[in-house]
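The values are calculated or read from the model by the stated rules, or taken from the named source; none is laboratory data. What you are looking at is a predicted structure, and each value in this text was computed from that prediction instead of being measured. With ideal geometry, Cβ positions are generated from the backbone for all residues, glycine too; neighbour counts draw on all protein chains shown. Side chains included, ligands, DNA and RNA excluded: accessible areas come from the protein's heavy atoms. Shrake-Rupley method; radii C 1.70, N 1.55, O 1.52, S 1.80 Å.
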Amino acid sequence: MPHIVGLEEVSESDLPLVGGKASKLGELVRRGLPIPPGFVVTTELYQAFVDATNLRTEIPAALGALDPSDSASVEQASQRIRSAFESAEFPEAMRAEIVTAFETYVQQNTVVFSAVRSSATAEDLENASFAGLQDTYLNVRGTDAVLRDIRRCWGSLFTPRVLVYRARKGFDHSVVRLAVLIMKMVDSSTSGILFTRDPNTGENHMIVEAGWGLGEPIVGGEVTPDHYVVDGATFKVIHKQISEQSIRVVRDPEGGNRREDVPAADRSRQKMPDDALQRLVSLARLIESHYRRPMDIEWCLDGTTLYIVQARPLTSLPASSTTALRTGGVSAGHDSAPASEEGLLLKGLGAAPGNAAGRVRIVLHVEENSQLEPGEILVSTMTTPDMVPAMARAAAIVTDEGGMTCHAAIVSRELGIPCVVGTRKATKTLHDTQEVSVEGKMGAVYAGLARGQKKVAERASAEAAWAGGSGPHAGVPVTATKIYVNVSVPEKAAEYAQLPVQGVGLLRIEFIFTAHVREHPLYLIQQGRSKELVDRLANGIAQVCRAFHPRPVIVRTSDFKTNEYAGMPGGAEFEPKEENPMIGWRGCSRYISPEFRPAFLLELEAIHKVRTEMGLRNAHVMLPFVRNTWELEQISEMLKEKGLRRSRDFKLYLMAEVPSTVLLARDFSKHCDGFSIGSNDLTQLVLGADRDSETLARLGYFDERDPAVLRAIELLIEGAHAEGRSVGICGQGPSVYPEFAEFLVRSGIDSISLNADTVLATTRTIAALEQKMKLDGLRKS
């Protein structure tokens, strides 16, 4: 087997020879992607060096005395092996082989500075990235420096952090070998990392982080990078967060790196130009398509030239929607945020999902690792690879700096430890032994232990029951028809979230107005209290979205009638008097009216805040009382104005309450992702029967089982399905009338949203109906 190979000669099949990093980059060179030129000192040469020196006996002796659970033992073994690597000299023939290859590479590629990078056989794998754990040396200049750094890379295979990580991941120390990749160094003006899938949720979003200069401060968590979220299907930027960066790492002309201040004019400027971002995500899609798996990609810009410098499998996608609560090392539940903002101490970026409850231990330097007891919350300015032994003992990790791609985030996700980064002030706000709850996915830290433990214990109990264990939901059957729940007030969300439902089919925003806002929206605007309105609405919506996350929550925008709005404090002067408010100025007709448009825009702003600032992307929108397609065109522009665009990640639904929606279902389908039947209003308007008339109700006129209403529902389902749109229902009819539920199921309804107290019984009814239909079909066939 060769001692040295060109990067362009290798592929993934050469992993045992060139290691994970080099094998993947070589594969991409062959695909024509922009990879800096280089060559690989292979694992064969590594083994030859070990066999030709005293390392042949030093490594087994040191590993034989190693106890991975004893930090002193780990440090002693590591120091012994690394000292042996650094003091051992290359045999003359081996040295000449490396020098010849290096000089050829320099001449052919006009190289002055190089990167000397570790590439281990247990590295960049699907279940272990070894992110930042083995050494890399940048801006290396000259032959002697390269030879020195090759030995230092080899020695980094046995640092304390790597020994602990390898033991945790189950790798045998004695069989792991390390190749070294020598690459032309890119003089990075901007650099960063890209995930081709959201590592927290698994959604089809590309997560891009970018900073000035070399990527070392980003990975090390020294700076909080720019954060971009790109729709994986359309490549549209759906979220952009520009961070201030005051320092950067750049090339020292004499070799190596140096830190410098970022010019004041650039500190808050966007780091990644929009055109370069689009080129990057296009390259990322090619890389993901080639490897047929989500990828973690390192990139850099030299002026306007884009390079890929690493590509590895994304090791930390969630296996399911549940992750463990860690309390003193005990797993017990799901990542469920507290129901309100009460007790919130810190807010940052949710970097690794999960909940944790424990006592704070502030660790500012690697020398303080030993102070962290198992089950404590590790709080630091930022973590470094040397902190991995302590991180493995922590219940959760909270940092001042860093982004989704920093060392703390990547390693935490792999170890299954909740992590919140970029809080800015964790080390100043928190103190040793303080008891806190950590919300990994939501990026929040709360005071006390009880809240997090209680919420997650409730969800764990519910999940066990859903699986057929015990409890009130044991044995609830699975249905093809999706079952959702209606939520009236946010305070009941945590309770309803324990039900075996697939999300919230109807959250009426007007109930949040009455419970949380309590004043007419135009009155609040008139008083200069628009922000207060947005915050109150957002907090109410978020309370529900958190309880159900990641299950969808469909938020129906306001549908007060004029008489209802007029009764709110401050509402009388803004509302006209109508003879029949039920079919008057309500629903979408309000939104497009100049008088009410500002209030509707604030509703949309609140929903956008929930999805972006609060990170709850399970919030979707439903419009009530839709009459015409032309009003939808105007409302769609208003949604876009507030950053809400239909996509795989954001759905827009329409209430089917007005007969025009039924008769022109295929036309309306072009403006939405689905419909939800409002059976009360639809029955009223199909039959011309006032839903509030006791006389008509007593005479039997108001009945959603009327043949005309049933035919209207059939027409809607037929038209919507013809255009690939879903249809649900959020009225009480299915739970009151079993025959109505059977009609809906036989007609092909996609989902039914129920009041909480009817979920279990109606789910069993629907399951029985589906089974009956299946048996009927078998009999006919």
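Given the residues P16, P34, which is the only one that is open to solvent by 10 Å² or more (accessible area, probe 1.4 Å) and either among the polar types (S, T, N, Q) or more than 29 Å from A61 (Cβ to Cβ) (or both)?
Every option except P34 fails the conditions.
Please state which of the following conditions R666 fails to meet, knowing it meets all the rest: (1) open to solvent by less than 70 Å² (accessible area, probe 1.4 Å); (2) farther than 25 Å from G584 by Cα; (3) modelled with pLDDT of 90 or more; (4) assigned to a helix (DSSP H, G or I).
(1)
Given T100, T110, T104, T42, which one is free of Cβ contacts under 8 Å to residues at least 12 places away in the same chain, open to solvent by less than 70 Å² (accessible area, probe 1.4 Å), under 27 Å from D187 (Cα atoms) and of a type in the set (S, T, Y)?
Exactly one of T100, T110, T104, T42 is free of Cβ contacts under 8 Å to residues at least 12 places away in the same chain, open to solvent by less than 70 Å² (accessible area, probe 1.4 Å), under 27 Å from D187 (Cα atoms) and of a type in the set (S, T, Y), namely T104.
Take residues that are at pLDDT below 90 and tell me which of the helices (runs of 4 or more DSSP H) falling wholly in region 9-66 contain 2 or more.
Here the list reads 15-30, 55-64.
Considering each residue of region 745-761, count those that are over 22 Å from Y496 (Cα atoms) and in contact (Cβ under 8 Å) with a residue 60 or more places away in the chain, and give that number.
Of the residues in region 745-761, 2 are over 22 Å from Y496 (Cα atoms) and in contact (Cβ under 8 Å) with a residue 60 or more places away in the chain.
Just give me the residues in region 220-244 being farther than 19 Å from R645 by Cα, open to solvent by less than 10 Å² (accessible area, probe 1.4 Å) and part of a strand (DSSP E or B), in sequence order.
Once the filter is applied, which keeps residues that are farther than 19 Å from R645 by Cα, open to solvent by less than 10 Å² (accessible area, probe 1.4 Å) and part of a strand (DSSP E or B), region 220-244 yields only D226.
When the residues of region 261-304 are filtered to those that are touching a residue at least 40 places away in the same chain (Cβ under 8 Å) and among the charged types (D, E, K, R), which remaining residue is surrounded by the most Cβ atoms within 10 Å (Cβ to Cβ)?
For region 261-304, the residue satisfying everything is K271.
Can you find a residue that is outside any loop (DSSP other than H, G, I, E, B), open to solvent by 50 Å² or more (accessible area, probe 1.4 Å) and either in contact (Cβ under 8 Å) with a residue 60 or more places away in the chain or closer than 25 Å to G503 by Cα (or both) anywhere in region 729-736? Break it down stepwise before answering.
In the first step, residues of region 729-736 are kept if they are outside any loop (DSSP other than H, G, I, E, B); the result is 729, 733-736.
If we keep only those that are open to solvent by 50 Å² or more (accessible area, probe 1.4 Å) as well, we get 736.
Going one step further and asking which of them are either in contact (Cβ under 8 Å) with a residue 60 or more places away in the chain or closer than 25 Å to G503 by Cα (or both), we end up with 736.
Yes, region 729-736 contains a residue that is outside any loop (DSSP other than H, G, I, E, B), open to solvent by 50 Å² or more (accessible area, probe 1.4 Å) and either in contact (Cβ under 8 Å) with a residue 60 or more places away in the chain or closer than 25 Å to G503 by Cα (or both).
Condition first: in contact with a Gly (Cβ under 6 Å, 6 or more places away or on another chain), crowded, with 24+ Cβ neighbours inside 10 Å, hydroxyl-bearing (S, T, Y) and assigned to a loop (DSSP other than H, G, I, E, B). Can you find one or more residues in region 410-423 that meet it?
For region 410-423, residues in contact with a Gly (Cβ under 6 Å, 6 or more places away or on another chain), crowded, with 24+ Cβ neighbours inside 10 Å, hydroxyl-bearing (S, T, Y) and assigned to a loop (DSSP other than H, G, I, E, B): present.
Rundown of residues vs (1) assigned to a strand (DSSP E or B); (2) at pLDDT 95 or above; (3) under 21 Å from R152 (Cα atoms), yes/no style:
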position: S174; (1), (2), (3): no, no, yes
position: A179; (1), (2), (3): yes, no, yes
position: V186; (1), (2), (3): no, no, no
position: L194; (1), (2), (3): yes, no, no
position: N200; (1), (2), (3): no, no, no
position: I207; (1), (2), (3): yes, no, no
position: A210; (1), (2), (3): yes, no, no
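Testing Y653 on (1) touching a residue at least 40 places away in the same chain (Cβ under 8 Å); (2) open to solvent by 30 Å² or more (accessible area, probe 1.4 Å); (3) in a loop (DSSP other than H, G, I, E, B); (4) closer than 28 Å to D231 by Cα, one condition comes back false. Which one is that?
(3)
Return yes or no: is S73 touching a Leu at 6+ places or on another chain (Cβ under 9 Å), open to solvent by 10 Å² or more (accessible area, probe 1.4 Å) and over 30 Å from D302 (Cβ atoms)?
yes
Which of (1) under 25 Å from S676 (Cβ atoms); (2) modelled with pLDDT of 90 or more is the odd one out, the single condition P581 does not satisfy?
(2)
Considering only region 116-149, state which residues are on the phi < 0 side of the Ramachandran plot, out of contact with any helix residue (DSSP H, G or I) (no Cβ under 7 Å at 6 or more places or on another chain) and modelled with pLDDT of 75 or more.
Selection gives T136, L138, R141, D144, A145, R148, D149.
Just checking, how many residues over region 597-624 are of a type in the set (A, V, I, L, M, F, W, C), at pLDDT 95 or above and not in a helix (DSSP H, G or I)?
The number of residues fulfilling the criteria is 4.
If you scan region 383-400, which residues turn out to be open to solvent by 10 Å² or more (accessible area, probe 1.4 Å) and at pLDDT below 85?
Residues satisfying the conditions are T384, P385, D386, P389, A392.
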